[in-house]
Structure formats: C-alpha cells, structure tokens
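Below is one structure, written out as structure tokens, with a few remarks after it.
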Amino acid sequence: MNKKIVILILFVFFSALTLLNNNGQIKGATDNKLAVYFLDIGQGDATLIRTPAGDDILIDGGPNNTLLQKLGEYLPFYDHKIETIILTHPDSDHVTGLVEVIKRYEVDRVLMTRVYSDSTSYLSFLAEVEKNNITVEVIDQPEVVDFGGGVTFDIIYPLENLVGQKVDSTNNTSITGKLIYASTTVMLTGDLENEEELAARHLDLKSDIYHVGHHGSSNANDLSFVSAVEPRYAVISVGANNHYGHPNYRTLKNLEKVAAEVFRTDQLGDIIFASDGSSWEIVK
C-alpha cells in the first residue's frame, strides 16, 4: 500500500479516537443511558438529548451558530441526523442556531406552536423547514411525545392552538413539559413566565432536574412553581456578564429555599447529566 495512503488512514483513525473517551464513548455520552446536555451557547437556550437508543432531540438552538460547534463535539462524527427538534418559542435567542442546523443535518420532525413572529431568525427557520420538507407537528394541547428508547416528553403547556396568533409575549407560548426516563425526570419550561398557573392546576410537576425558566429571570421561577417541581438539581442557561442581570437574585433565593443544587452555564460551561433510569450521574 502507498505510504501516503497509510499515513492518511492512520491520521483519520487517530483523529476519530480523539473524539472518544476512555470508555470508547463519544465525549460526554454513556452507553445505554439517557444523556442530557445543557449547552453553553451564551445568552440563550440549547439542550441536546440523546436517548439510550441513540436518537437525538434538540430543544432550541441559541442566539448564534455556536450550536454547530457543540453538536460536532458531542455527536458521533458519522451522525448527521437529528430525529426531533423542539422550538419552545420563536425568540431569536432560542431559534437562531437552528437555521444552520437544518441546513447541515437531516431532521425528521419539528415540534413547535407556530405562533406568529416576524423576527428574521424565525422566518429563516420556517423557510428552511419548508425547503427541506421536514414534518411539522403543532403543539396545541397537552400530550405525551414518545422519543423512543423508553424516553417520553409529557407536554403540559400550551393549552390552545396558537398557529398564526399575535400575542403580547411569545415567552408565554413556550412549550413546557417533563422529560421522563423510567423514574428519572427533567422539567423544561423554555421562557415561560406564567408558570405559577401550572402550579395552581395541581399537576405532577415534581422533577429531579429543573431547567430554570427564562435564564433565571425574575419574571419566571415563581416560588409556588419551583416548590412544586422540588428539584434536586437546577440548571441555568445564561450568558456570562449578560446585561439582563440573569440569573436574578430572587430566582436564586427560591432555588435555595427548595435546596436545589444550582449549575450555571456561565460558570461551568456545558453541563451534562446521564440517567440509567433510576438515578442521575453528573458527567460534566
């Protein structure tokens, strides 16, 4: 065999190995477990979920294209498919990064409310979804979405059809629900600000991990809701030195009152949890 070809093969092989940890898994991932990656993408939200079956769910995409770098870091180099994208709401700090993802990855389906917004990023996102003939499932009522591998998403909000509607606050259209894998759970609320209404409905909100609402804003994370969730861990997706003052002192105090251990992307970078169905492991 030509010496140059041998060198090229070895280079590709060892480059691939750098993506793997000592257990032969892609960085941060654990075999036969649910992995949840709260990604550090600045002042915005992007959460990657990898099921025990190896399917990928992406919830929101952040304010820029940092998400592409993160997917390249955590997904297998041969995996160019996202099974499900969930857009909680159309604000630019949640949707912008998804535009390039759709251009570069095969996406099976998108879950969203299709509430009205004239933001450039949202319109670009909708255009790419249509261009690539991606299946769209409109979320307009509580339902359970099966992600496979024993993982489900119990959607509890919104409660109505929002397609094309102009609203005062798109934050309060955020798709909200509980990720469930056997006896382990994660509460995901997007930027929902009226979450106290969910607490008043006496739903089963209790969850092991709470992805803190609206980047820790004082407009969300009411004590009644945080108390109902009663998380062991609280993750705040927030940009360093952001001009909003997130996370708010009141939110941090509410999390302290329920004895939640707080993790912040502005302090820790990417935050990764893995579940075997009975307990959580903090991978990073």
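The values are calculated or read from the model by the stated rules, or taken from the named source; none is laboratory data. All values reported here derive from a predicted model rather than from experimental measurement. When we count neighbours, we look across all protein chains shown, and the Cβ atoms used for this are built from the backbone with ideal geometry, even at glycine.
Answer yes or no: is there a residue in the stretch 258-266 that is closer than 19 Å to residue 154 by Cβ and part of a helix (DSSP H, G or I). I'd like the intermediate steps shown before the answer.
Step one: of the stretch 258-266, the residues closer than 19 Å to residue 154 by Cβ are none.
The answer is no, given that none of the residues of the stretch 258-266 is closer than 19 Å to residue 154 by Cβ and part of a helix (DSSP H, G or I).
If we keep just the residues of the stretch 174-207 that are among the basic types (Lys, Arg) and either modelled with pLDDT of 95 or more or not in a loop (DSSP other than H, G, I, E, B) (or both), which is farthest from residue 44 (Cα to Cα)? It would help to see each step written out before you state the result.
Filtering the stretch 174-207 for residues among the basic types (Lys, Arg) gives 178, 201, 206.
Pick out the ones that are also either modelled with pLDDT of 95 or more or not in a loop (DSSP other than H, G, I, E, B) (or both) and you get 178, 206.
Numbers: 178: 20, 206: 25 Å.
By that ranking, first place goes to 206.
Which one is surrounded by the most Cβ atoms within 10 Å (Cβ to Cβ) among residues in the stretch 136-173 that are assigned to a loop (DSSP other than H, G, I, E, B) and in contact with a Pro (Cβ under 8 Å, 6 or more places away or on another chain)?
From the stretch 136-173, those assigned to a loop (DSSP other than H, G, I, E, B) are 139-142, 149-150, 158-169; that's our starting set.
After this cut, where a residue has to be in contact with a Pro (Cβ under 8 Å, 6 or more places away or on another chain) as well, the list is 139-141, 149-150, 159.
Numbers: 139: 23, 140: 14, 141: 12, 149: 16, 150: 14, 159: 12.
That would be 139.
Based on what the data block shows, is residue 260 within 16 Å of the chain's Cα centre (by Cα), buried (at least 20 other Cβ atoms within 10 Å of the Cβ) and in contact (Cβ under 8 Å) with a residue 24 or more places away in the chain? Spell out how you get there, then give the answer.
Working: within 16 Å of the chain's Cα centre (by Cα): no; buried (at least 20 other Cβ atoms within 10 Å of the Cβ): yes; in contact (Cβ under 8 Å) with a residue 24 or more places away in the chain: yes.
Considered against the rule, which asks whether it is within 16 Å of the chain's Cα centre (by Cα), buried (at least 20 other Cβ atoms within 10 Å of the Cβ) and in contact (Cβ under 8 Å) with a residue 24 or more places away in the chain, residue 260 comes out as no.
Only one of these is of a type in the set (Gly, Ala, Ser), surrounded by fewer than 24 Cβ atoms within 10 Å (Cβ to Cβ) and at pLDDT 95 or above: 278, 237. Name it. Quick ask: steps written out before the conclusion?
On the way: 237 fails: surrounded by fewer than 24 Cβ atoms within 10 Å (Cβ to Cβ).
From the options 278, 237, the qualifying one is 278.
Restricting attention to the stretch 199-232, report how many residues are of a type in the set (Val, Ile, Thr) and surrounded by fewer than 22 Cβ atoms within 10 Å (Cβ to Cβ). It would help to see each step written out before you state the result.
Quick first cut of the stretch 199-232, residues of a type in the set (Val, Ile, Thr) only: 209, 212, 226, 229.
Right, trim to surrounded by fewer than 22 Cβ atoms within 10 Å (Cβ to Cβ) and you get none.
Going through the stretch 199-232 one residue at a time, the tally reaches 0.
In the stretch 73-117, what count of residues is obtained for those that are over 22 Å from residue 155 (Cα atoms) and in a strand (DSSP E or B)?
Qualifying residue count for the region: 2.
Name the pairs whose Cβ atoms lie under 6 Å apart, with the first residue in the stretch 69-95 and over 17 Å from residue 35 (Cα atoms), the second among the aromatic types (Phe, Trp, Tyr), and 6 or more positions between them or separate chains?
As it stands, the answer is 80/105; 90/122; 95/122; 95/125, since those pairs meet every condition given.
If a residue must be surrounded by fewer than 21 Cβ atoms within 10 Å (Cβ to Cβ) and among the β-branched types (Val, Ile, Thr), how many such residues does the stretch 37-91 contain?
The number of residues fulfilling the criteria is 2.
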